[in-house]
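Asks: Here it is, the structure, as structure tokens.
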Amino acid sequence: MKLLVTGFEAFGGETINPSWEAVKRLPAKIGETEIEKLELPVVYGEAARIASEKAKEIGADAILCVGQAGGRDAITPEVIGINLQDCAIPDNAGTLRTRERIAQDGADGYFSTLPVFAMVDAIKKESVPAKVSYSAGTLVCNDLLYSLLRRFSGTNVKVCFVHLPFLPEQAGDKFPSLTLDQDVIVLTAAIGIL
């Protein structure tokens, strides 16, 4: 199996993003799964375009997108991507979207096509907090998830998104965090059940 795993560049005033830091440390192969890694810009539309093109180029069987969810206290695989862009902060290109649909002719939502609940179970076995999430937010993370699910709907390419909490150096004393080592362990566990 060929798996494209994506992480994001830093955004929102941060200097690092745990998603890309963890993704780039994954091995080239987990079990029988070949891993291709890709850093994405935090830009509406552009992240999905780049990921889609890369998936096509390498003949990916599945795409696992990883993002940052500062303030969350667990690893959270996402159940659904919704057809909405609505955020108080702009993307890294300076674009601010308020109550806009991602695709005017698209469905209201698409469910993840990788085994979200099994991923949570696998992560919990590593003694790291994990829970299913029913909202990927309405910034670029959700835009990426929704757009890829829509693009690959009806094909054999499976898609999912996993959010990671802040790293300790981002969280300070204000927010929950997980270490980079924990992030790599849980992503490896999640990929291992695919």
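What follows is calculated from the coordinates using simple rules that are stated; it is not laboratory data. None of these values were measured; they are calculated from a predicted model. All Cβ positions, even for glycine, are placed from backbone atoms using ideal geometry, and neighbour counts span all protein chains on display.
Asks: For the chain, what is the percent of antiparallel DSSP beta bridges, rounded to the nearest 5?
Replies: Antiparallel bridges: around 30 percent, rounded to the nearest 5.
Asks: Report the net charge of residues surrounding W20, where surrounding means a beta-carbon distance below 13 angstrom and charges are Lys +1, Arg +1, Asp -1, Glu -1. Write out the running numbers ahead of the final one.
Replies: Numbers: positive: K24, R25, K37; negative: E9, E14, E21, E39, D183.
Here the charged neighbours net out to -2.
Asks: Among 172-184, 95-107, how do they line up by average Cβ neighbours within 10 Å per residue, starting with the highest? Mind showing how you got there, number by number?
Replies: Values: 172-184: 15.1, 95-107: 12.5.
My ranking of the peptides, most packed first, is 172-184, 95-107.
Asks: Any idea which of A122, T95, P41 is furthest toward the positive side of the dipole for segment 37-194, if Lys and Arg beta-carbons carry +1 and Asp and Glu beta-carbons -1?
Replies: Toward the positive end, the furthest listed residue is A122.
Asks: Just to confirm a number: summing +1 for Lys and Arg and -1 for Asp and Glu over residues other than E46 whose beta-carbon lies under 15 angstrom from that of E46, what do you get?
Replies: The answer is -1.
Asks: Please provide three numbers in whole Å: the alpha-carbon extents of segment 2-192 along the principal axes, with the largest listed first.
Replies: Taking the Cα atoms of segment 2-192, the three principal extents are 42, 39, 25 Å.
Asks: How many angstrom lie between the Cα centre of segment 145-191 and the Cα centre of segment 39-73?
Replies: So the two Cα centres are separated by 10 Å.
Asks: For F175 and E100, what does the FRET efficiency come to when R0 = 30 Å and r is the distance between their Cβ atoms, rounded to the nearest 0.05? Could you put the intermediate results ahead of the total?
Replies: Working: r = 28 Å, r/R0 = 0.95.
Once rounded, the FRET efficiency stands at 0.60.
Asks: Further question on the same structure: Excluding residues fewer than 8 places away in the same chain, name every one of the lysines whose C-alpha is closer than 19 Å to that of K2.
Replies: Answer for K2, where 19 Å is the Cα cut-off: K24, K29, K37, K54, K56, K158, listed by chain and number.
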